[in-house]
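These notes concern the structure reproduced below.
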Amino acid sequence: QVHVVESGGGLVQAGGSLRLSCVASGRTFSSYAIAWFRQAPGEERAFVAAISRSHTITRYAASVEGRFTISRDNAKNTVYLQMTSLKPEDTAVYYCAAKSTPIGSIIFTSAELLDSWGQGTQVTVSS
């Protein structure tokens with residue numbers, strides 16, 4: 001199973017930006033669809049963004065659309081989550097998750113369908 005590790009979290013003022021990275025081990029990263037989830041204090045884990053293995057299809061939660069951008073660089077085995085115009089309600093632990101698939105156009109938005117999860121990276125947005 002692929003291993004994924006998130007990084008790039010930190011403390012930022014409202015209106016600021018952060019870029020999260022999800023780095024995967026192995027040589028088959030291009031075979032995986034990737035998604036980002038987040039879990040705020042006292043809340044359930046929630047979908048944030050997803051990208052297909054061929055990087056032609058993306059999907060975003062309504063709460064982040066227009067502010068967050070998901071992208072991938074298969075040569076670097078990395079998926080990015082560029083976050084702009086951050087709000088205090090974006091404060092959460094952000095998780096990267098992967099699902100192997102032979103279908104280049106498929107995306108996954110349900111946590112139950114994703115197999116490999118990172119340890120999470122904390123994002124804190126101050127007002």
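Values quoted throughout were computed directly from the atomic coordinates according to the rules given, and no laboratory measurement underlies them. Everything numeric in this text was worked out from a predicted model, so none of it was measured. Reconstructed Cβ throughout: ideal geometry from the backbone, glycine too, with neighbour counts over all protein chains shown.
Just to verify a number: FRET efficiency for Ser30 and Arg67, C-beta to C-beta distance, R0 = 30 Å, to 0.05?
The computed FRET efficiency comes out at 0.65.
State to the nearest 20 debye the size of the charge dipole of the chain about its Cα centre, where the only charges are +1 on K and R beta carbons and -1 on D and E beta carbons.
Taking the Cα centre of the chain as origin, the dipole is about 380 debye.
Is the C-alpha gyration tensor of the chain telling us rounded, prolate or oblate? Criteria: a/c under 1.5 is rounded; beyond that, a/b larger than b/c is prolate, otherwise oblate.
In terms of gyration-tensor shape, prolate.
Normalising by the residue count of the stretch 17-102, find the relative contact order in percent from Cα pairs under 8 Å and 6+ residues apart.
The value is 42 percent.
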